[in-house]
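Notes to accompany the following structure.
The values are calculated or read from the model by the stated rules, or taken from the named source; none is laboratory data. Everything quoted here is computed from the prediction, not taken from an experiment. Every residue, glycine among them, receives a Cβ derived from its backbone with ideal geometry; neighbour counts consider all protein chains shown.
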Amino acid sequence: MKPIYVVLAAIGALLLFLFLGYYNMYNKAVGLQEGLDEKFANVQSAYQRRADLIPNLLETVKGAAQNEKDILTQVTQARAGIVGAKTPQDLELMGRKINTAINLAYEAYPQIRSTENFSQFQSQLEGTENRIKTERDRYNESVKEYNTHIRGFFARFFLNSEEFPRKEGFAAAAGSENAPKVKF
C-alpha cells in the first residue's frame with residue numbers, strides 16, 4: 001500500500017472521529033438544553049399550581065370558619081336568652097330556641113371542622129412549597145449538568161456560546177435568608 005493512501009486514510013479516520021465527536025457533543029448539548037427548559041417549565045407549573053390552589057383553599061377555609069362562627073353566635077344568643085327568662089314558659093321557649101338553633105346548625109353543617117380545615121390548609125401550603133422547592137432543585141441540578149457540559153475542554157472550542165449560553169440556577173431573593181415573622 002502506498003504511503004499516500006495510509007496518510008489519506010489516517011486523515012479521513014481523524015476527520016470522521018472529530019465529526020462524530022462533535023456530533024455527539026452537539027446532540028448532548030441540545031438534549032441538556034431541552035432538559036433544562038423542561039425543568040424550568042416544571043417550576044412554572046408548580047408556581048401555577050400554587051396560584052390556582054391556595055386562593056381556592058383559603059376561600060373554602062374562610063367559608064367554613066364563617067359558617068361555624070354563625071353557628072356559635074346563634075347558639076350563644078339562644079343561651080343568653082335563658083338567663084333573661086322570668087317564667088317557666090319563657091325558660092321552655094328559650095330551651096326550644098336553643099334546640100332549634102343547634103338542630104338547624106347541625107343540619108346545615110353536621111360537623112364543626114374549622115380547626116381541621118385550617119390544619120389541612122397548612123398541610124397543602126407546606127406540600128405546595130415543597131413541590132416548588134423540589135422542582136427548583138431539579139432545575140438547579142440540570143443547570144449544573146448543562147453548564148458542566150458546555151464548559152468542557154473540547155465543548156468550549158466547538159459549541160457556539162450564543163447558541164449554548166451559560167445558564168444561571170435559581171437564587172434566593174434578597175432578604176430571604178432571614179426567617180419571616182409570623183403574626184396573628
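Under 6 Å between Cβ atoms, at least 6 apart or on separate chains: pull out the pairs that start in region 80-102 with a residue that is modelled with pLDDT under 75 and end on any residue that is in a loop (DSSP other than H, G, I, E, B). Final answer for the pair search is LEU91/ALA85; MET94/ALA85.
Residue-wise test of (1) assigned to a helix (DSSP H, G or I); (2) among the acidic types (Asp, Glu); (3) modelled with pLDDT under 90; (4) closer than 30 Å to PHE158 by Cβ.
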position: MET25; (1), (2), (3), (4): yes, no, yes, yes
position: VAL30; (1), (2), (3), (4): yes, no, no, yes
position: ALA51; (1), (2), (3), (4): yes, no, yes, no
position: LEU57; (1), (2), (3), (4): yes, no, yes, no
position: ALA65; (1), (2), (3), (4): yes, no, yes, no
position: ILE71; (1), (2), (3), (4): yes, no, yes, no
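Summed over region 143-166, residues that are charged (D, E, K, R) and part of a loop (DSSP other than H, G, I, E, B) total 4. For region 152-165, a residue qualifies if it is under 15 Å from ASP37 (Cβ atoms) and surrounded by fewer than 16 Cβ atoms within 10 Å (Cβ to Cβ), and the qualifying residues are GLU163, PRO165. Restricting attention to region 119-151, the residues being β-branched (Val, Ile, Thr), farther than 19 Å from ARG49 by Cβ and surrounded by 13 or more Cβ atoms within 10 Å (Cβ to Cβ) number 2.
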